[in-house]
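Student: One structure follows; several queries about it will come next.
The values are calculated or read from the model by the stated rules, or taken from the named source; none is laboratory data. As the structure is a prediction and not an experimental result, all values here were calculated from the model. Don't worry about glycine lacking a Cβ; one is built from the backbone with ideal geometry, like all the others, and counts go over all protein chains shown. Quick note on the areas: whole protein, heavy atoms, side chains included, nothing else; ligands and nucleic acids left out. Shrake-Rupley method; radii C 1.70, N 1.55, O 1.52, S 1.80 Å.
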Amino acid sequence: LTDEILLQNLSKYQRRHIMRSGKKSIKIKVFNGRVNSDQLKHWFHEFQNMHLISAGRMTRPQETWDCMYNAALNDEASLFCAFWEDTAISFLFCGEFSSMAFGWSQVNAAEFEKRYSPRHLLEWEAIKHYKCMGFKYYEVGERYYGPQLLHVPSDKEITISVFKERYGGFLLPKITWLGYFDQILLDSDLNASLD
């Protein structure tokens with residue numbers, strides 16, 4: 001889509017926050033194996049540390065962080081960082097495959113979140129970056145509304161999906177297939193999901 005159509009597809013709320021962040025001199029930089037590769041390790045470490053501070057604990061095994069870093073180093077992902085002056089205030093990690101990009105992990109520095117709303121601009125700049133790189137799609141993720149047969153989304157998942165939906169785009173169905181070779185296990189899983 002053209003830049004004009006992408007901008008029109010943004011919700012009024014999202015567009016307002018993006019413009020405000022831009023006026024507050026928030027700068028976005030990208031780090032991967034091609035761009036700013038000499039700084040990738042440092043900023044990836046800061047990204048991981050900000051996650052630890054934000055959650056108050058380590059939320060996933062170190063091996064997953066190592067895989068993410070290696071993906072960025074090997075041009076299979078990129079780390080986007082929003083800076084206010086010289087301070088990193090928000091990170092977005094995106095996976096890349098073929099002509100598609102996926103927003104996989106994001107964190108804000110709590111002390112800057114309300115004042116600068118960096119996340120809005122960060123995601124928008126990532127979308128524009130991938131468009132300039134010739135990518136065809138930017139996957140914003142699933143849109144959760146409430147409990148489903150096989151998954152009950154957390155409040156956090158619902159909030160994130162509402163936020164990302166405001167970037168526009170189009171909805172596609174997600175089909176999940178489960179195969180069972182044991183009728184007793186099938187009945188047990190269905191009963192647990194329906195309770």
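Student: Using mean Cβ contacts within 10 Å as the protection proxy, how do 92-98, 176-182, 24-30, 144-150 order, highest first?
Tutor: Most protected by this proxy first, the peptides run 92-98, 24-30, 144-150, 176-182.
Student: Let a ≥ b ≥ c be the square roots of the eigenvalues of the Cα gyration tensor of the range 1-117; is it rounded (a/c under 1.5), or, if not, prolate (a/b larger than b/c) or oblate?
Tutor: In terms of gyration-tensor shape, oblate.
Student: Here's something else I'd like to know. With a ≥ b ≥ c the root eigenvalues of the C-alpha gyration tensor of the range 149-194, is it rounded (a/c under 1.5), prolate (a/b larger than b/c) or oblate?
Tutor: Oblate is the answer for the range 149-194, as a/c is 1.5 or above yet b/c matches or exceeds a/b.
Student: In addition: Amide H neighbours of S105 under 5 Å, at least 5 residues apart or on other chains, H built in the peptide plane: list them.
Tutor: It is F93, by chain and number.
Student: Where a ≥ b ≥ c are the square roots of the eigenvalues of the C-alpha gyration tensor, would you call the range 49-166 rounded, which needs a/c under 1.5, or, failing that, prolate if a/b is larger than b/c, or oblate?
Tutor: Cα axes put the range 49-166 in the rounded bin.
Student: Let me ask something else. Using the Cα centre as the reference, give the magnitude of the dipole from point charges on the C-beta atoms of the chain (Lys, Arg: +1; Asp, Glu: -1; all else neutral), rounded to the nearest 20 debye.
Tutor: 1120 debye
Student: Let me ask something else about it. In what order, largest first, do M100, M19 sit by accessible area if the probe radius is 1.4 Å?
Tutor: Order by accessible area, largest first: M19, M100.
Student: For the range 7-44 and the range 96-118, write down the distance between their C-alpha centroids in whole Å.
Tutor: Between the Cα centres of the range 7-44 and the range 96-118 lies a distance of 8 Å.
Student: Let me ask another. If packing is taken as the mean number of other Cβ atoms within 10 Å per residue, what is the order of 63-76, 107-120, highest first?
Tutor: Descending mean neighbour count gives 107-120, 63-76.
Student: Right, something else. Taking the Cα centre as origin and putting +1 on Lys and Arg beta-carbons and -1 on Asp and Glu beta-carbons, what dipole magnitude results for the range 1-65, to the nearest 20 debye?
Tutor: The dipole magnitude comes to about 380 debye.
Student: Under 30 Å between alpha carbons, and skipping anything fewer than 8 positions from K23 in its own chain: which lysines qualify?
Tutor: Correct list for K23: K12, K41, K114, K128, K131, K136, K156, K164.
Student: If I fit a long axis through the Cα atoms of helix 12-23 and take the longest principal axis of the Cα atoms of the chain, what angle between them do I get, 0 to 90°, rounded to 10?
Tutor: The angle comes out at about 30 degrees.
Student: Turning to a different aspect of this structure: Once each part is reduced to its C-alpha centroid, what is the distance from the range 158-195 to the range 127-153 in angstrom?
Tutor: The two parts, judged by their Cα centres, are 15 Å apart.
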